[in-house]
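Scroll down for the structure; my scribbles are underneath it.
Just so you know, all these numbers are worked out from the coordinates, no wet-lab data involved. As the structure is a computational prediction, the values presented were derived from the model and not from experiment. Using ideal geometry, Cβ is built from the backbone for each residue, glycine included, and neighbour counts are taken over all protein chains shown.
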Amino acid sequence: MLGPFISSPRCADCHFVAGHNSRTAETSLPSPAYNDDTHTSITRRNKWNKDCNYAKGKWVADEKRPLYSGNECKQWLSKMWACRMMQRTDFFYESYRWQPHGCEMPEFSGPNLLSRLRHKTLAFVGDSLGRQQFQSIMCIATGGKYSPDVEDVGWKYGLVKAPGALRPDGWAYRFPETNTTILYYWSASLSELEPLNTTNSVTSYALHLDRPVTFLKKYFHGFDVLVLNTGHHWNRGKFNGNHWELYANGEPVGKGRLADLNRAKNLTLYSIARWVDSELASRPQMKAFLRTMSPRHFVNGDWNTGGSCGNSVPFSNGSEVLQDHSSDLPAERAVNGTQVKLLDITSTSQLRDEGHISNRTFRAPTGIHDCLHWCLPGIPDMWNELLFAQI
């Protein structure tokens, strides 16, 4: 069941253009927890962005989309996200691609993706939206076809299902023809979690804001491309349910500034970007990305108070993004001054509220809408196309 997620980032100082109409959003994400003097101005663009701002552009119709079949990609795609196998009857949302302004996008296909990742390992580390991006890229890489030749190599990364668990902590697959490995590891916070009582099975956990998740520290130097994301678990409902307690510098944060979960999240983003940056010194060919927040589209309430997202008309709020900066300012600030690149998908995804699962599922309780996760094929395919363009 969905949890009480925090609000999605909104587009600050930007225009969404639809025909002759435009609107300017007035809200933005809170400032980061760290002092602005600890990093350079966000007006400095990351050095990887010299040629193209991939988040600035428009959605265009494309008869070649989708890149795989939601009915056929059963080997990789979770049933709960495969809207063609559920109750949805409109699929216009599948037939668009993102075109950045002034950028020539390389042809995106499974063979081209695997060719570019020949002898490489691509790792996704993050929450369930990261898992959606992972499943999307597996469907794209295989064309959505059953692929018995793809090897399960999860055991190499400790990704095996524990006794009594619903699923492993992630998955890893190798494409033997190109010696390409694509993996996903579930980490909702990107932070190290440490049990406070190792003899108690229901113990609370110290969530260390300034330490990366252990999986990253253990396997980082085997990755060639890394995509990180976090955001939707930084709320009291999730923290209480998971028994997480905030720690920094090895100590509980108490009731200080970091007790505010927005500030705590921003410190984690800042800390992990700098940890990754320090590790990249010995991996100059590696490319690391922090993906920005995927937006929620609940209206007239939240997930548990009657909120819904039943729109099925594409671009009811416009089709174009004109702003220069990300709508996820904490993520943009976190990577500034580092070699970590921003995979900015927030504003582009904000325009696609019709692409959510909503209540078009056989599993959803009456009155519950999923306005966080996306139908697949769908919007996360665009995230991977932007990733492909930058690797």
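Can you list the HN-Hα couplings for segment 167-184, worked out from phi with the Karplus curve (6.51, -1.76, 1.60; θ = phi - 60°), rounded to whole Hz and with x for Gly and Pro?
Calculated HN-Hα couplings, in order: 7, x, 6, x, 9, 9, 9, 10, 9, x, 4, 10, 6, 10, 10, 10, 9, 9 Hz.
Based on the alpha carbon coordinates of segment 226-272, what radius of gyration and maximum Cα-Cα distance (Dmax) apply, in Å?
That works out to 10.9, 34 Å for Rg and Dmax.
Could you list GLU151, GLU192, GLU63 so that the one with the fewest beta carbons within 10 Å of its beta carbon is first and the one with the most is last?
Lowest count first: GLU63, GLU151, GLU192.
Using Cα pairs closer than 8 Å and at least 6 residues apart in sequence, work out the relative contact order for segment 46-135, in percent.
Averaging sequence separation for qualifying contacts and normalising by length gives 38 percent for segment 46-135.
Using Cα pairs closer than 8 Å and at least 6 residues apart in sequence, work out the relative contact order for segment 236-311, in percent.
Rounded, it is 12 percent for segment 236-311.
What is the set of long-range amide H partners of THR181 at a cut-off below 5 Å, with H atoms built 1.01 Å from backbone N?
Residues meeting the amide H criterion: LYS120, THR121, LEU122, PHE175.
In percent, how large is the relative contact order of segment 172-289, given Cα pairs closer than 8 Å and 6 or more residues apart?
Over segment 172-289, the number comes to 28 percent.
Can you tell me the Rg and Dmax of segment 196-282, counting just the alpha carbons, in angstroms?
Every Cα atom of segment 196-282 included, Rg and Dmax give 14.2, 40 Å.
For segment 239-349, what class follows from the C-alpha gyration tensor (a ≥ b ≥ c being the square roots of its eigenvalues): rounded when a/c is under 1.5, otherwise prolate if a/b is larger than b/c, else oblate?
oblate
If packing is taken as the average number of other Cβ atoms within 10 Å across a peptide's residues, how do 253-262, 351-360, 327-336 rank, most packed first?
Descending mean neighbour count gives 327-336, 351-360, 253-262.
Quick check on packing: order 80-89, 224-233 by the mean number of other C-beta atoms within 10 Å, highest mean leading.
Descending packing order for the listed peptides: 224-233, 80-89.
Starting from the Kirkwood radius over alpha-carbon pairs of segment 166-232, derive D by Stokes-Einstein at 4 °C in a medium of 1.567 mPa s and give it in µm² s⁻¹.
The calculation lands on 92 µm²/s.
Taking a ≥ b ≥ c as the square roots of the eigenvalues of the Cα gyration tensor of segment 249-313, is the shape rounded (a/c under 1.5), prolate (a/b larger than b/c) or oblate?
In terms of gyration-tensor shape, oblate.
What pairs in LYS64/LYS156; LYS56/LYS255; LYS64/LYS238; LYS79/LYS238; LYS56/LYS218; LYS56/LYS156 have C-alpha atoms more than 32 Å from each other?
Over 32 Å apart, Cα to Cα: LYS64/LYS156; LYS56/LYS255; LYS64/LYS238; LYS56/LYS218; LYS56/LYS156.
What percentages make up the Cα-Cα pair-distance distribution of segment 93-147 when the bins are 10 Å wide from 0?
18, 45, 35, 2
Please give the length that would be gained between GLN87 and LYS74 if that part of the chain were fully extended, namely 0.36 nm times their separation in residues minus their C-alpha to C-alpha distance (nm, one decimal).
Result: 3.0 nm gained on full extension.
Using the Cα centre of segment 247-391 as the reference point, and only Cβ charges (+1 on K/R, -1 on D/E), how large is the resulting charge dipole? Debye, rounded to the nearest 20.
400
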